[in-house]
Amino acid sequence: MLRSGGLGRVAALYAVLLAPAIGCTDVTNMPEPAPSTGLDEAVFRCNVEPILARQCSYTACHGIAGAALRVYTPGKLRATAPRDLDHATAELTPAEHHANYLSATGFHAAATDPIDNLLVRKTIPSSEGGFAHEGGAIFPGTSDPQWLAIYAWLSGAGRCP
């Protein structure tokens, strides 16, 4: 006679003993591509990064280290604490440019269609299809040249002059 729970133990023992005989295999998931895959860093640097630096890098907004979209710019946020005014206002380092690119591409993974990307949705008024943004609308609408430059980059259609 089996005690209470004994049948479950027998079934578990059979499962452990028979699993190798049945031919269980390991399942391996394919790695996800990096969010930046497919987005041109050179186009970002010449067309998009200047817009983000000019419009979004204020220290109360995206010019702070903890922001979801963090933008390094001369005279504001730097990757390392500057030792003096000259270093604070110096051109961005290649590492800071790349970090800005990675910060912006982080939003690419969340949107399958560039029009749904927060970089374009949060920058326009709700009347134009925009989403709420603490800083308000940055561009008047989807015909703004700066908005179009960001959208073109996200679409893979942007080109450097």
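Just so it is clear, none of the values below were taken in a lab; they were calculated from the coordinates. Computed from a prediction, not measured in an experiment: that's the story for all the values here. In this analysis, Cβ positions are derived from the backbone assuming ideal geometry, glycine residues included, and neighbour counts consider all displayed protein chains.
A few notes on this one:
- Mean Cβ count within 10 Å, highest first, over the residues of peptides 153-161, 117-125, 58-66: 117-125, 153-161, 58-66
- Segment 106-161 versus segment 40-93: alpha-carbon centroid distance in Å: 19 Å
- Subtracting the Cα-Cα distance of Ala152 and Ala79 from 0.36 nm times their residue separation leaves 23.5 nm of extension gain.
- In plain terms, the chain from Thr93 to Ser143 could stretch by 14.8 nm, reckoned as 0.36 nm per residue minus the Cα-Cα distance.
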